[in-house]
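Note sheet for the following structure.
The values are calculated or read from the model by the stated rules, or taken from the named source; none is laboratory data. Small disclaimer: the values here were computed from a predicted structure and weren't measured. For neighbour counting, all protein chains shown are included, and Cβ atoms are generated from backbone atoms with ideal geometry for every residue, glycine included. Heavy atoms of the whole protein, side chains included, go into the accessibility calculation; ligands, DNA and RNA do not. Shrake-Rupley method; radii C 1.70, N 1.55, O 1.52, S 1.80 Å.
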Amino acid sequence: MRVRRIGAVLGVAAMVVGLAACGGDKTYDSVADKVKDAKKIVVGTKWDQPGLGLKDPAKAEPEGFDVEVAKYVIKELAGGQDVDIEWKESASSNREAFLANGTVDLIVASYSITESRKEKVTFGGPYVVAHQDVMVRGDDTGITKPEDLEHKRICQAAGSNSYKRITDPPPDGALNLKADLVGAATYSECVNKLGGNNLDAVTTDDLILAGFATQAAEQGGASFKILGKPFTDEKYGVGLKKGDTKTCEAVNAAITKMYQDGTIQQLFSKWFGKAQGLSAPTAAPTFEPCA
């Protein structure tokens, strides 16, 4: 798949983005147009986050809450028709690049909307609001609240801003603590390091932590516990190439319908129902401006 710019508008208005359909030279002014006409789309999700987006090598596509949200939204964009979806693994470190260079058409991958990211990405939604929390080993009694992470080893996953909520002051951070950062490529690597006693804690969105804790319990691996002390709001958005406001507005309409017909509650219960301390949202979050 390739992407090329086909035009621009003057002043502060957004660029018009030309999206070439995979396997052909036809271009579209928006992802929404492409989905309706070509009936195909490339979607970025996580492949290593149980409960949100996890890819079993034996299966054709990833599974999880984000994956099913993406399917619902895309079908709405297509007017209820089936669409050929190509799934592309999108780690935290490459999401902006994948949207900018046309590797994917949209991203649904625990993609928190932040002011800095909005400079590069147009976000539909959010479709759900998560909250940052802390996960430790099951036998750890020394860390009972986020403030206990002072001088502790926490994971710094590539491309993720979660560690900044611990180490930095507002507006990007929250707690402004001195913690020791241990690098990792993904959150699955963070969890493995926590289980191997190479970390003291993994701190990120509660939905991500719930998926990993549930997976570990089901597989009989290391025991983890989530503190249940959330301290931020993490607005999960549908990432689009900067300027694709038409698709953004269509995505927001699809998310509104997803709340109205009860689908979001069903998906939340399916993927996170076993996690303690989490409850399904009942009303759609306030959407970010499509810009």
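For A185 and A253, compute 0.36 nm times the residue count separating them, minus their Cα-Cα distance, and round to one decimal in nm.
Values: separation 68, 0.36 × 68 = 24.48 nm, distance 3.45 nm.
Taking 0.36 nm per residue and subtracting the Cα distance, the gain is 21.0 nm.
In Å², and per residue, what accessible area does the range 205-267 have when probed at 1.4 Å with the other protein chains present? Walk me through the numbers before you get to the answer.
Values: 2560 Å² over 63 residues.
Ligands and nucleic acids excluded, the figure is 41 Å² per residue.
What is the Cα centroid distance between the range 207-225 and the range 91-134, reported in whole angstrom?
Result: 24 Å between the Cα centres.
If you take the charge dipole of the range 35-184 about its Cα centre, with +1 on Lys and Arg Cβ and -1 on Asp and Glu Cβ, which of F123, M135, S92 is farthest toward its positive end?
The Cα lying farthest towards the positive end belongs to F123.
If we restrict to alpha carbons, what Rg and Dmax does the chain come to, in Å?
When restricted to Cα atoms, the chain yields Rg and Dmax of 19.1, 60 Å.
Using a 1.4 Å probe on the protein heavy atoms, what percent of the accessible area of the chain belongs to carbon and sulfur?
48
What are the ³J(HN,Hα) values, in whole Hz, obtained from phi via the Karplus relation 6.51 cos²θ - 1.76 cosθ + 1.60 with θ = phi - 60°, for each residue of the range 146-154 in sequence order, with x given for Gly and Pro?
Values, residue by residue: x, 5, 6, 7, 4, 6, 9, 8, 10 Hz.
Filter the cross-link list K39/K274; K242/K274; K55/K118 down to pairs whose alpha-carbon distance in this structure exceeds 31 Å.
K39/K274; K242/K274
With every protein chain present, what is the per residue accessible area of the range 45-176 (1.4 Å probe, Å²)?
With the other protein chains kept in place, the range 45-176 gives 40 Å² per residue.
Along the positive direction of the dipole of the range 158-232 (beta-carbon charges: Lys, Arg +1; Asp, Glu -1; about the Cα centre), which of L175, L194, S160 reaches farthest?
My answer, from the dipole projection, is L175.
Rounded to the nearest 10 degrees, what's the angle between the helix 263-272 long axis and the longest principal axis of the chain, both from Cα atoms, 0 to 90?
With rounding to tens, the tilt is 30 degrees.
Against the longest alpha carbon principal axis of the chain, how many degrees, from 0 to 90 and to the nearest 10, is the axis of helix 206-219 turned?
Orientation of helix 206-219: about 70 degrees from the principal axis.
Take E147 and D172, extend 7 Å from each Cα along the Cα→Cβ direction, and tell me the distance between the two endpoints in nm.
Here the modelled spin labels are 2.5 nm apart.
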